[in-house]
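Nothing in this text is a laboratory measurement; each read-out follows from the coordinates by a stated rule. None of these values were measured; they are calculated from a predicted model. Neighbour counts are summed over all protein chains in view; Cβ atoms, including those assigned to glycine, are modelled from backbone coordinates with ideal geometry.
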There are 2 protein chains.
Amino acid sequence: MSLPAPRADRESQWLKGVLDLAVLAALAREGSAYGYGLLRSLADAELGGLKGGTVYPVLGRLEDEGLVRSEWVTGGAGPPRRYFFLTAGGRAALDEGRAGWTSFADRMTRALEG
Amino acid sequence: MSLPAPRADRESQWLKGVLDLAVLAALAREGSAYGYGLLRSLADAELGGLKGGTVYPVLGRLEDEGLVRSEWVTGGAGPPRRYFFLTAGGRAALDEGRAGWTSFADRMTRALEG
DNA sequence: GGCTGGTAGATGGTATGGCCAACTAGTTGA
DNA sequence: TCAACTAGTTGGCCATACCATCTACCAGCC
């Protein structure tokens, strides 16, 4: 391929560094959630077409950073689910990230309009 | 180091895929510009602390994609400057990118507030 | 019992692109 | 001659979203 524009969906680039905040926000909104459910609510709603291979590593990173806690729940219908909850640190990180994002988005939008 | 949060400045992640649009917008605003000037106007204004190693490759990519044209200008004060101009394709890409960005930023902001 | 299909989670490799550091070169002034 | 500033270039690093693939559990069906 030698087409000039690789076209690599800009949106997937834009998600970088924001996806974790989106996940934190979804957890804050829903109280708790398991990966597969998040996957579908995020994909059906605002942010299009996320796949498991994208979301699960995010949850893993968030747990490594102590921003979420997880808990296996077995015995329901289907395979066991791993439910995630925000920690206090996660809530703080979400607030901070929200502020940073709105600031950045404003500056960027202004830069694009000039 | 074992601190949980690697702290890798979120903003630098957010710039991914948006910086090229910011550069296109700056060129559209100023008519033409050379790299070092762009560097300073972008850094002084909205988007903080950009370095040469970040901006010059962007200009190179934009030229490879046919979105900008460049022209060396020698004989002024100081080293030769390479001036960049938007092409028609660049203007179209800017419009398209602007629309995509505002849409994404809106959806993202809504997702963060929920 | 075996099949199939949907649910749930995990993993590895790839490619993108901003970052830093170092480098070359031209001009100006001491 | 030397230093400082301007201007552009290059190479390697690293985080992270993407894709494809894999395991495993359960339900319904024959």
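Under the definition of partner shielding as Cβ atoms of other protein chains within 10 Å of a residue Cβ, what is the mean value for peptide A:102-109? Intermediate results must be reported in sequence, preceding the final value.
On the way: counts 5, 1, 8, 10, 3, 6, 12, 6.
Per residue, the number of nearby Cβ atoms from other chains is 6 on average.
For residue A:49, go 7 angstrom from Cα along the Cα-to-Cβ vector, then report the distances to that same point in the other copies in nm, smallest first.
3.5
Running a GNM on chain A with Cα contacts under 10 Å, which residue among A:20, A:64, A:95 ends up with the highest mean-square fluctuation?
The residue that fluctuates most here is A:64.
Would you kindly work out the equivalent ellipsoid of chain A from its C-alpha gyration tensor and give its semi-axes, the square roots of five times the eigenvalues, largest first in whole Å? Provide the component values of the computation, followed by the final result.
Details: eigenvalues 165, 79, 25 Å².
For chain A, the ellipsoid semi-axes come out as 29, 20, 11 Å.
Provide the per-residue ³J(HN,Hα) series for segment A:23-36, in order, calculated from phi with Karplus coefficients 6.51, -1.76, 1.60 and θ = phi - 60°, each as a whole number of Hz, with x at glycine and proline positions.
Residue by residue, segment A:23-36 yields 5, 4, 5, 5, 5, 5, 5, 9, x, 8, 6, 10, x, 4 Hz.
Could you give each residue of segment B:54-59 its phi-based ³J(HN,Hα) in whole Hz, using Karplus coefficients 6.51, -1.76, 1.60 with θ = phi - 60°, and x for Gly or Pro?
For segment B:54-59, the Karplus curve yields 9, 7, 4, x, 4, 4 Hz.
Using Cα-Cα distances under 8 Å and only pairs 6 or more residues apart, what relative contact order does chain B have, in percent? Spell out each step's value before the answer.
Working: 90 pairs, mean separation 29.8, N = 114.
The value is 26 percent.
Collect residues whose amide H, placed 1.01 Å from N in the peptide plane, falls under 5 Å from the amide H of residue A:33; neighbours closer than 5 in sequence don't count.
A:84
Helix-only estimate, please: 222 nm mean residue ellipticity of chain A, summing -39500 (n - 2.57) across DSSP H runs of length 4 or more and dividing by its residues, to the nearest 500.
Values: 5 runs with 66 residues, N = 114.
For chain A, the value works out to -18500 deg cm²/dmol.
Using a label point 7 Å beyond Cα on the Cα-Cβ vector, give me the inter-copy distances for residue B:74 in nanometres, one decimal, shortest first.
In ascending order, 7.6 nm.
Which of these, B:53, B:97, B:75, has the largest mean-square fluctuation under a Gaussian network model of chain B (Cα springs below 10 Å)?
Greatest mean-square fluctuation among the candidates belongs to B:75.
Only sites in a loop by DSSP and with at most 10 other Cβ atoms within 10 Å count here; which trypsin sites (Lys or Arg not before Pro) in segment B:35-114 make the cut?
Numbers: sites: B:40, B:51, B:61, B:69, B:81, B:82, B:91, B:98, B:107, B:110; in loops: B:51.
The qualifying sites are B:51.
Would you look at the GNM of chain A, springs on alpha carbons closer than 10 Å, and say which of A:43, A:92, A:77 moves the most?
Ranking A:43, A:92, A:77 by mean-square fluctuation puts A:77 first.
When Cβ neighbours within 10 Å are restricted to other protein chains, what is their mean count per residue of peptide A:23-33? Can you show the working numbers first?
On the way: counts 1, 1, 6, 3, 0, 2, 4, 1, 0, 0, 0.
The shielding value for this peptide is 2.
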